[in-house]
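Trainee: Following this message is one structure expressed as structure tokens.
The values are calculated or read from the model by the stated rules, or taken from the named source; none is laboratory data. Quick caveat, the model's predicted, so the values are computed rather than measured. Don't worry about glycine lacking a Cβ; one is built from the backbone with ideal geometry, like all the others, and counts go over all protein chains shown. Please note that ligands, DNA and RNA were not included when accessible areas were found on the heavy atoms of the full protein model with its side chains. Shrake-Rupley method; radii C 1.70, N 1.55, O 1.52, S 1.80 Å.
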Amino acid sequence: MARIGTYSIMVHGGAGALNNVNDSRTAVRYLESLRRILEHGRDVLTLGGSALQAVEACATLLEDDPLFNAGCGSVLNEAGKVEMDAAIMNGHDLSAGAVAGVSDITNPIQLARRVMSHSKHVMLVGEGALRFADSCEIPRAPKEYFFTPQRVAQLEEARAKGSMILDHDGTDEQSDDQKYGTIGAVAFDLQGNLAAATSTGGIVNKRLGRVGDSPILGAGVYADNETCAVSATGYGEDFMRTVFAKTISDYIAMQGMNAGTATHAGIEYLQRRVHGRGGVIVVDRQGNCASGFTTKRMIHGWIEHGGSTVVRF
Ligand code: ASP
């Protein structure tokens, strides 16, 4: 039984090595940003807003903060371009919207929400997504909005290594205070509804056209009022191969687990089957919050059952 009359909200700002948080100024910036955004989500929920409105609002603010690898802080692909993925899902009726491989959009999560509410489709990609954005009057941003010298340096580092890197996994030579992380939010509202949102620039030096887990329902994002809401961060290929978010939901549906035990089981499965690298936030249909990660750290925070705000790495 859902605990109607209480609310919970969680956000994350990416998983990885996060060596940069050893610098206290950077750590404070991350924590302050997460706290401010979580408390904005809390205000949406306490004023009677839906879980869907809360996750969209939090994801929008996270996309607008250049600390994180989404929206204006997105990483660059092998062609030196920003290609973003995002998805949002409503646990009430399993409605969902997603976009993949989009450039020039200030807030991909808002475009995903429009796909959900103003189209007959669940996912739009590339040029078609941009045309749809224009038809909905979703604003485009100039290229400079996304482009920073730090992102170029990060791409150069990945190219020199001949590999892709998770945003948070740079080396110490990098300017440590300029690393960012994929974002996500999950919420449980006063009516007992669940929702999830995930948005990302993806992985540094990824192939042109590569789509990760973030916009794939059941991989990097999922919400179902009968089970839980999930947002993942890390190597997207690992989450797609394990249908990670839906696997956690299935543990709740089929084995009667709660957020904590299902997250633990999901992380164990991810590690055992594909040596997966990343983390996840989960809120279940009773509003219980849980998180887990296989990386050294994950930037995340929560307010559980209307309690106090917790933020941590
Ligand atoms: N999951 C994202 C992707 O693979 C990256 C991340 O979470 O940092 O595109």
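Trainee: Among Ile138, Ile105, Ile88, which is β-branched (Val, Ile, Thr) and closer than 17 Å to Leu217 by Cα?
Mentor: Within the list Ile138, Ile105, Ile88, the selection yields Ile88.
Trainee: When the residues of the stretch 211-234 are filtered to those that are surrounded by fewer than 24 Cβ atoms within 10 Å (Cβ to Cβ) and within 16 Å of the ligand (Cβ to nearest atom), which remaining residue is nearest to Ile88 (Cα to Cα)?
Mentor: Leu217
Trainee: Based on this model, can you work out whether Ser199 counts as in a loop (DSSP other than H, G, I, E, B) and either within 9 Å of the ligand (Cβ to nearest atom) or touching a helix residue (DSSP H, G or I) at 6+ places or on another chain (Cβ under 6 Å) (or both)?
Mentor: no
Trainee: Right, here's the next one. List, please: which pairs have Cβ atoms under 8 Å, are six or more places apart or on different chains, and start with a residue in the stretch 229-240 that is of a type in the set (Phe, Trp, Tyr) and end with one that is in a helix (DSSP H, G or I) and buried (at least 24 other Cβ atoms within 10 Å of the Cβ)?
Mentor: These pairs meet every condition: Phe239/Ala245; Phe239/Leu270.
Trainee: Name the residue, out of Ala79, Ala70, Ala87, that is within 21 Å of Arg207 (Cβ to Cβ) and open to solvent by 10 Å² or more (accessible area, probe 1.4 Å).
Mentor: Step by step, each of Ala79, Ala70, Ala87 is checked, and only Ala79 is within 21 Å of Arg207 (Cβ to Cβ) and open to solvent by 10 Å² or more (accessible area, probe 1.4 Å).
Trainee: Name the one entry in Ser103, Ser119 that is of a type in the set (S, T, N, Q), crowded, with 18+ Cβ neighbours inside 10 Å and over 17 Å from Ala197 (Cα atoms).
Mentor: Answer to the check: Ser103.
Trainee: Filter the helices (runs of 4 or more DSSP H) completely within the stretch 209-276 down to those with at least 3 residues that are β-branched (Val, Ile, Thr).
Mentor: Answer list for the stretch 209-276: 244-255, 259-274.
Trainee: How do the helices (runs of 4 or more DSSP H) wholly within the stretch 21-134 filter down when requiring 1 or more residues that are over 19 Å from the mean Cα position of the chain (by Cα): which remain?
Mentor: Fully inside the stretch 21-134 and qualifying: 24-46, 108-118.
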